[in-house]
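All remarks here apply to the structure that follows.
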Amino acid sequence: MRTPIFLALAIAVAALVFWLTRTAGNDYLFFAGYTVLQFVVLATAWNILGGYCGYVNFGSAAFFALGAYTSVVFYKFVHDPRLCPDFWTSLTGQDCLLDLTASENEGLKDLLMTYLVPQSLPALMAVAAVISGLIGLGTGYLTLRLRGAFFAIATLALAVVLQTFVVNWSYVGGSRGAYVIRPNDIEILGFQFPYIQYLFLIMVMLAAISVAIARTIERSKLGYGFATIRDDELAAEASGVPTLKLKLIATTLSGALMGMAGAPFPYYIGYLEPASAFGLPYAVNSIAMPMIGGTTSWIGPLVGSVLLGTLQQVVTVTISSEMNLLLVGVLLVAFVIVAPKGLVGLVQPQLQKLRRKWTRPSSKSKDSASASAAS
Amino acid sequence: MFDSADLLVNALIAGLLLGGFYTAVTVGISISFGILDIVNIAHPGFIIVGSYIAYIVNERFGLDPILVGLLALPAFYALGAFIYQIYYVSFEKRGQEALRGLAFFFGILFITEVVLIIVFGVDYRYVNAAYVDTTYNIGLAQLPMRMVVPCVVSLLMLAVLQLFVGRTFLGRAIMAVAQDQQALRLMAADPVKIKRVAFALSIATCSLAGACLIIIQPVDPSIGRDYIGRVFAICVLGGLGSLPGTLIGAMLLGLVESFTSTFFGPSWAPAVAFGLLLLTLAVRPAGLLGR
């Protein structure tokens, strides 16, 4: 299947999911569904670097939180347009990074208030994508030239450092956290939507787009380049694959998608504090979901995140949120030991056996076969 | 002027004491990551487990935390041997340690943290011992026993390990594993067995390191994460697999952190280790005493 067709199909599925959730008439479904979809994006993004290139990123929480704090900064900025971080003052001696109350910045303020504020979420996601992507690029550039383990360690520590910055930045609430008040409704194209439905819609579209991106990469020259890095980096380098460049592309893209997933989060949760935004659960989930689903193709993270995400919602409601985390950890360890190829790896041979039994060979193209495996 | 000299001297002493303690936290990683090339990011998780064991026994029976740490060494050794066996069979043998092995240790780190939260809650825990509240003053300098005791214990542990690695047959075999496994096999020695001993030793250090940690500061389940950046920064800074390098790296990080928290405030200290790590990786990846 061609990419534009797949993208159209993915968006159609996303729209269908949105419509079905609306007909259910239960707002809780939107809240639960949002979390699952957010993990679809995180897992897919993680897999672009982890599954395709074989480089482990433990800092999903850092990229996610970067996106989330982009929104918090923006939210605060709209209400108090003076960006004066303490560390900026102590580093440079200047008062403010950006002060829109000053007269010389009048034009910028108008621009911001007329164009950015009404379209805040999509614009914020774009900004978050740029910021997280750049941080990913920087971390990758410093560590990806060395052995893979160093990158993993650096991403792990990245969360701690960014958290330290946020804790020391009183503008975004410091360690106490920040409140972001979610509007009740939003008007799109003349229709009134409850805001949570709007958030859900944005996340379901982002999920569809990320899956389409992952699938496109997988089947492109880029994806084959990534696969050579995963299988034998030395051999790839020797045969002329620009490995560092490819790795940096993967890191940037993966980080950007994670940041985009984080940008709407403060509006969803209403109250964001560093300890939870940078917490291990995001990092663990975005690793566990692809690992459980299967890392070699785009279906794996999708299956893993939908199944595990839904299971987590059920366990959180019925047992407790600590048990839910324990479950994720245990499943992750169990799967990497027992089923290294994930659920997809367990199911695929069976499917192929069935297909060989029931259909004549070469009656179906390979693409539509894998698409039917996904549905 | 007198004030700032006072501050300077005490920041220096606190840094050296802290650095001494960091050797205990890092020496295990120096063995597993530096020598065996096993990226055990769950190491800080085991240290926190060590702290909680020291806390439980100290509260129930009033035993000295260091003594508890010593008594728990064999249990941690066995745990380490067990984990290495799983790691070897599931990942090293199949050649999958890069992606899945890392995810495995990450899962273990997460599981230890969540289990501790479920059992003990998120409250800070601390231990009681005669020396915890004592501080000696020598001139300008303050010597809090809370820091001195862990520092001395840690340095002793490092010295013992250095002697073991340098002077005994088994220790030399461990260093040989790092250099050439194939050659070891040709000498009719089983590299897997030797690596198991070495990994078990690295986990055993967590018992004492945990006991030292809970003497120095109150411990909660999630504190292990702050130490991940630190241990790897020290390990890389000192040079992978070099125990004297570990000492130097630990002292450096201790000093830098101590000065940072004295002059910029303690809330900035966690970022220091990471900065140092990135700097080392960018400028001199082999570390100060790299092989």
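The values are calculated or read from the model by the stated rules, or taken from the named source; none is laboratory data. No experiment lies behind these values; they were computed from the predicted model shown. Every residue, glycine as well, gets a Cβ built from its backbone with ideal geometry; the counts of neighbours run over all protein chains shown. These area figures cover heavy atoms from the full protein model, side chains too; ligands, DNA and RNA do not enter into them. Shrake-Rupley method; radii C 1.70, N 1.55, O 1.52, S 1.80 Å.
Residues in segment A:130-146 carry Karplus couplings, in order, of 5, 5, 5, x, 5, 4, x, 4, x, 4, x, 4, 6, 10, 6, 6, 9 Hz; the curve used is 6.51 cos²θ - 1.76 cosθ + 1.60 with θ = phi - 60°, and Gly or Pro positions show x.
With a Förster radius of 41 Å applied to the C-beta separation of A:LEU20 and A:CYS96, the computed FRET efficiency comes to 0.30. Projected label points at A:GLU322 and B:ALA189, each 7 Å from Cα along the beta carbon direction, are separated by 4.5 nanometres. Label reach from A:ILE188 (point 7 Å along Cα→C-beta): in segment A:254-294, amide nitrogens under 14 Å belong to A:264. The HN-Hα couplings worked out from phi for segment A:251-257 by the Karplus form 6.51 cos²θ - 1.76 cosθ + 1.60 (θ = phi - 60°) are 4, 5, 4, 5, x, 4, 5 Hz, whole numbers, x standing for Gly and Pro.
What lysines does B:LYS93 reach when the alpha-carbon gap must be under 21 Å and sequence neighbours fewer than 8 apart in one chain are set aside? Partners found: A:LYS341, B:LYS193, B:LYS195.
Within segment B:10-34, whose backbone N sits under 17 Å from a point 7 Å along Cα→Cβ of B:PHE263? Backbone N within reach: B:10-16. All other residues whose Cβ lies under 12 angstrom from that of A:LEU246 are scored, Lys and Arg at +1 and Asp and Glu at -1, for a net of +2.
Among rounded, prolate and oblate, which fits the protein assembly as shown when a ≥ b ≥ c are the square roots of the eigenvalues of its C-alpha gyration tensor, a/c under 1.5 means rounded, and a/b larger than b/c means prolate? Judged from the Cα gyration tensor, the protein assembly as shown comes out oblate (a/c at least 1.5, b/c at or above a/b).
Rounded to the nearest 10 degrees, what's the angle between the helix B:243-263 long axis and the longest principal axis of chain B, both from Cα atoms, 0 to 90? Its long axis makes an angle of about 30 degrees. Amide H contacts of B:GLY239: B:LEU288, B:LEU289, each under 5 Å away and 5 or more positions distant or on a separate chain (H built 1.01 Å from N in the peptide plane; Pro and chain starts excluded). A simple packing score, the average count of other Cβ atoms within 10 Å per residue, orders the peptides A:141-147, A:262-268 as A:262-268, A:141-147, with the highest score first.
Computed from the Cβ-Cβ distance with R0 of 25 Å, the FRET efficiency linking A:LEU244 to A:ARG219 stands at 0.65. Counting charges near B:ILE215 (Lys, Arg +1; Asp, Glu -1) among other residues having Cβ under 10 Å from its Cβ returns a value of 0. For B:GLN182 and B:GLN142, the FRET efficiency from 1/(1 + (r/R0)^6), where r spans their Cβ atoms and R0 equals 41 Å, is about 0.15. A simple spin-label model places the labels of A:VAL314 and B:LEU71 4.5 nm from each other, with each point 7 Å out along Cα-to-Cβ.
Run the accessible area of segment A:156-290 with a 1.4 Å probe and give the carbon-and-sulfur part as a rounded percent. So the carbon and sulfur contribution to the accessible surface is 64 percent. Protein heavy-atom surface of segment B:1-147, 1.4 angstrom probe: 66% of the accessible area is carbon and sulfur, with nucleic acids and ligands not counted.
Rounded to the nearest 100, the interface formed by chains B and A buries 3800 square angstrom of accessible surface, both chains summed, with a 1.4 Å probe. Each residue of segment A:335-349 was assigned a 3J(HN,Hα) from its phi angle through the Karplus expression (A = 6.51, B = -1.76, C = 1.60, θ = phi - 60°), giving 5, 5, 7, 8, 10, x, 9, x, 4, 4, x, 6, 7, 4, x Hz with x at Gly and Pro.
Taking the charge dipole of segment A:3-374 about its Cα centre, with +1 at Lys and Arg Cβ atoms and -1 at Asp and Glu Cβ atoms, the residue from A:THR243, A:GLN192, A:VAL41 reaching farthest to the positive side is A:THR243. Per residue, the accessible area of chain B comes to 41 Å², computed with a 1.4 Å probe over protein heavy atoms only. By definition, a body whose alpha carbon gyration tensor gives a ≥ b ≥ c is oblate when a/c is 1.5 or more and a/b is not larger than b/c, and segment B:60-213 fits this oblate description. Counting protein heavy atoms only, segment B:217-291 has 71 percent of its accessible area on carbon and sulfur, 1.4 angstrom probe. A cut-off of 5 Å between modelled amide H atoms, ignoring neighbours fewer than 5 places along the same chain, links A:ILE186 with A:PHE193, A:TYR195.
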